[in-house]
Amino acid sequence: MKKRLMIIGAGGVGNVVVKKSARMTDLYEKIMLASRTKAKCDAIAKEAGPVPVVTAEVDADDVPSLVSLIRSFKPDLLINVALPYQDLTIMDACLETGVHYVDTANYEPKDKAEFEYSWQWAYEQKYKDANLTALLGSGFDPGVTNVFTAYAAKHLFDEIHYLDIVDCNAGSHGKSFATNFNPEINIREITQKGRYWEDGVWKQTEPLEINQMVDYPHIGPKASYLLFHEELESLVKHFPTIKRARFWMTFSKEYINNLQVLENIGMTSIKPILYNGMEIQPLQFLKAVLPEPSSLGENYTGETSIGCQMRGIKDGKERTVFIYNNCKHQAAYKDTKAQGVSYTTGVPASIGGRLLAQGVWKKPGVWNMEQFDPDPFMALLPELGLPWEVVIDGELAFPKEETAHA
């Protein structure tokens, strides 16, 4: 029997999830796309198919409104690509209506630039009792990077000891300053302190304090900065042999200079201020004047490269493994009218939804991507536009011990 899918969020990622899912005629009979702005949903639905896509307006902060909409459409599962602030209200609505749940980023509170899985992991028993599956972080990072790690653990290592996730966007969108996904979430993420796992404890760094040159496939060397990213938290939990786990992302000097100016004048602050008698967050105002990420696709050139560099043991011998994907912005736009960053997040979300809807990844409770068999997901990645490569015993950017540069 074919399924009904609901998607919440009509930004760049939502556009990709809808268009990819609407091509799954073997699986879905009908899709609903809902967001705060129905006109955005209508524009996406107009270009999607052949599975019929209907649209609706909904406030994802409002549980009763969500529950009412879910009950009227009766989906089998819901993919959440709204803001991370709204994860818990959407999870609550899914619990109340008996609908399976998928998202791409973990919850963070509006009033604090902090993200971790504790809030969503706390739903474990509720989802078990309801016989529902919640699949967390089905984007690229988190998401594909978790599955890459699980694939390596299953097929290529007896033990993984060192993990470095490397994320490069070597594209050019022609704007003087723009973020590749929601500006509010992006800037909150990179202006907070860095964190990485080493020898059983979390170690903290100042924002963008540590950087290292990384040679990315088909791109070349790029300065990569150490950040905290949520997949580290679940990966070190589920693969306890990992001695060190870090996340690195590239930024141009121009981007960092612009960001520092904005930070120095208070525009990246999430502390509310009074303006003309109204309380506003400076960062939310900044988001309103920056380019909408979903608008960047048409003129975007270059490519992304994201992967996992791992070192460990196989059959008693040390081994290195690098699993990665490169995605051309132009190819992403041709396929879905999206830039590569939206594409590399939206395609995995549609795959996570597919595996859950098919019952391949379906188990009561709250789960991270690496807790399921990686093979079905890895098989679908190239089919849906994200081919991957594996390099075994090649040279990694990171030796066991090294001094990164501040």
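The values are calculated or read from the model by the stated rules, or taken from the named source; none is laboratory data. These numbers come from a predicted model, not from an experiment. Please note: Cβ atoms are built from the backbone with ideal geometry, for glycine as well, and neighbour counts cover all protein chains shown. Side chains included, ligands, DNA and RNA excluded: accessible areas come from the protein's heavy atoms. Shrake-Rupley method; radii C 1.70, N 1.55, O 1.52, S 1.80 Å.
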Worksheet item: GNM, the chain, Cα, under 10 Å: largest mean-square fluctuation among HIS161, HIS218, HIS100?
Response: HIS218
Item to complete: Could you tell me what percent of the DSSP beta bridges with both partners in the chain are antiparallel, to the nearest 5?
Response: 60 percent
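As a test of the formula, what do you get for the chain when each DSSP H run with n ≥ 4 contributes -39,500 (n - 2.57) and the sum is divided by the residue count, at 222 nm and rounded to the nearest 500 deg cm²/dmol?
Numbers: 14 runs with 139 residues, N = 406.
Using -39500 (n - 2.57) per qualifying helix, the result is -10000 deg cm²/dmol.
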Item to complete: Give LYS74/LYS126; LYS2/LYS362; LYS154/LYS317; LYS126/LYS271; LYS314/LYS363 a once-over and call out the pairs whose C-alpha atoms are over 22 Å from each other.
Response: LYS126/LYS271; LYS314/LYS363
Worksheet entry | Centroid-to-centroid separation of segment 219-280 and segment 361-389 [C-alpha atoms, Å] | 26 Å
Practice prompt. Express the carbon and sulfur contribution to the solvent-accessible surface of segment 70-161 as a percent, rounded to the nearest whole number, probe 1.4 angstrom.
Written response: 46 percent
Response to the item:
The answer for the net charge of residues other than VAL321 whose Cβ lies under 10 angstrom from its Cβ, with Lys and Arg +1 and Asp and Glu -1, is +2
Worksheet item: Once phi is turned into ³J(HN,Hα) by the Karplus curve 6.51 cos²θ - 1.76 cosθ + 1.60 with θ = phi - 60°, what whole-Hz value does each residue of segment 57-69 show in order, with x for glycine and proline?
Response: 9, 8, 9, 6, 7, 10, 4, x, 5, 4, 4, 4, 5
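Let a ≥ b ≥ c be the square roots of the eigenvalues of the Cα gyration tensor of segment 329-406; is it rounded (a/c under 1.5), or, if not, prolate (a/b larger than b/c) or oblate?
Details: a/c = 2.07, a/b = 1.30, b/c = 1.59.
Judged from the Cα gyration tensor, segment 329-406 comes out oblate (a/c at least 1.5, b/c at or above a/b).
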Worksheet item: Ranked by accessible surface with a 1.4 Å probe, highest first, in what order do THR89, THR304 come?
Response: THR89, THR304
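With a ≥ b ≥ c taken as the square roots of the eigenvalues of the C-alpha gyration tensor of segment 1-148, please select rounded if a/c is under 1.5 and otherwise prolate if a/b is larger than b/c or oblate if it is not?
rounded
Give me the percent relative contact order of the chain, please, defined on Cα pairs under 8 angstrom at least 6 residues apart. The partial results should precede the final answer.
On the way: 872 pairs, mean separation 82.6, N = 406.
With pairs under 8 Å counted, the relative contact order is 20 percent.
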Discussion item. Quick check: with the 1.4 Å probe, what order do ILE190, ILE265, ILE219 take by accessible area, largest first?
Written reply: ILE265, ILE219, ILE190
Fill in: Residue among GLU231, GLU108, GLU124 with the largest mean-square fluctuation in a Gaussian network model of the chain, springs linking Cα atoms under 10 Å
GLU124
Response to the item:
In a Gaussian network model of the chain with springs linking alpha carbons closer than 10 Å, the residue among VAL261, VAL51, VAL67 that fluctuates most is VAL261
Worksheet item: Where does each of TYR333, TYR107, TYR28 land when they are ordered by accessible area, with a 1.4 Å probe and the largest first?
Response: TYR333, TYR107, TYR28
Discussion item. With the crude spin-label approximation of a point 7 Å out along Cα→Cβ, what separation in nm comes out for ALA379 versus LYS126?
Written reply: 3.5 nm
Worksheet item: Per-residue accessible area for ASP141 at 1.4 Å probe radius, Å² rounded to 10?
Response: 30 Å²
